[in-house]
1. Cα to Cα, under 13 Å, and not fewer than 8 places away if on the same chain: which aspartates and glutamates meet these conditions relative to residue 172?
2. Sorted from largest to smallest, which semi-axis lengths in Å does the alpha carbon gyration tensor of the range 4-190 give for its equivalent ellipsoid, taking the root of 5 times each eigenvalue?
3. Determine which lysines satisfy two conditions relative to residue 81: a Cα distance under 20 Å, and not lying fewer than 8 residues away in the same chain.
4. Arranged from highest to lowest average of other beta-carbon atoms within 10 Å per residue, in what order do the peptides 144-154, 110-120 appear?
5. In whole Å, what are the extents of the range 10-95 along the principal axes defined by its C-alpha atoms, from largest to smallest?
6. What's the FRET efficiency of residue 153 with residue 194 using the Cβ-Cβ distance as r and R₀ = 35 Å, to the nearest 0.05?
7. Hey, how many Å between the Cα centroid of the range 68-125 and the Cα centroid of the range 130-199?
Amino acid sequence: MRRLIVNTFLTLDGVMQAPGGPEEDASGGFAHGGWSVNYWDEQMGQIMGEAMGTPFDLVLGRKTYDIFAAYWPHSTDDAAKPLNAATKYVASRSRPMLEWSKSVLIEGDAAEGIGALKKGDGPELQVHGSGNLIQTLLRHNLIDRFRLWVFPLVIGSGKRLFSEGTIPSGLKLVDSKVSTTGVVIGTYEPAGEIVTGSF
C-alpha cells in the first residue's frame with residue numbers, strides 16, 4: 001500500500017494558485033503569481049530537501065505537469081535529480097504528449113487509477129500543485145497526508161486548496177516547523193469526521 005501526500009503552498013486565506021511565478025497560472029485574471037518567492041529561506045530548502053530525500057513518485061495534474069516538464073529536465077538545482085528520477089503519473093482528460101522521462105498517463109477515471117496505484121507496491125506518491133486534481137482526491141478520500149506551507153499573506157481571490165463543497169473532515173497535526181520568514185509548515189493526517197460541541 002502506497003501513501004499519498006499532498007505538498008502545497010498556501011496563502012493565509014487558502015489560495016494555492018501560481019505561487020512560483022506570474023506566468024504559472026493567470027487564469028481567472030489572477031494577478032499575484034509568484035507570491036511565495038520572496039519568503040523562501042535556507043530552512044525551507046532543507047525541509048523540502050528532506051521531503052525529497054526518500055524515494056517517491058509524482059502524481060500530477062496536466063497543467064502542473066506541463067510547468068514541471070518545461071523546467072526540471074533542464075535545471076541544475078539540487079531538487080531536479082529526484083524529480084527527474086521519479087515516475088510521473090499524469091491525470092488528464094485528453095491524451096497529451098508526455099515527453100518528460102518516466103511519465104505515465106493515468107488511463108480512464110483519475111480517482112480509480114490513483115486508487116489502484118495506492119494499492120500497489122512502490123514508494124510514496126507526492127502531489128505538487130495540481131489544484132483541480134486535489135479536488136478529485138479530496139472527494140474520493142485518497143489523501144493520506146497534507147504537507148501545507150502556509151505563507152503570511154492574504155490575496156483575497158484565486159484558486160483555493162479547500163474549495164466550496166469540500167467534504168468536512170478533521171485533521172491531526174503530526175509535525176510543524178516555522179521558517180525565519182514566518183512560513184508555517186504543518187503536516188496533517190485525516191482524523192475522521194468533525195466532532196462538534198458547545199461551550
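A short reminder: the numbers here are calculations on the coordinates, not readings from a lab. In this text, all values refer to a predicted model and were calculated from it rather than measured experimentally. Here Cβ is always computed from backbone atoms with ideal geometry, including for glycine, and neighbour counts include all displayed protein chains.
1. Counting by Cα, and skipping residues close in sequence, residue 172 has these aspartates and glutamates nearby: 144, 189, 193.
2. One finds semi-axes of 23, 19, 18 Å for the range 4-190.
3. In chain and number order, the partners are 102.
4. 144-154, 110-120
5. 39, 36, 23
6. Using R0 = 35 Å, I get an efficiency of 0.80.
7. 23 Å
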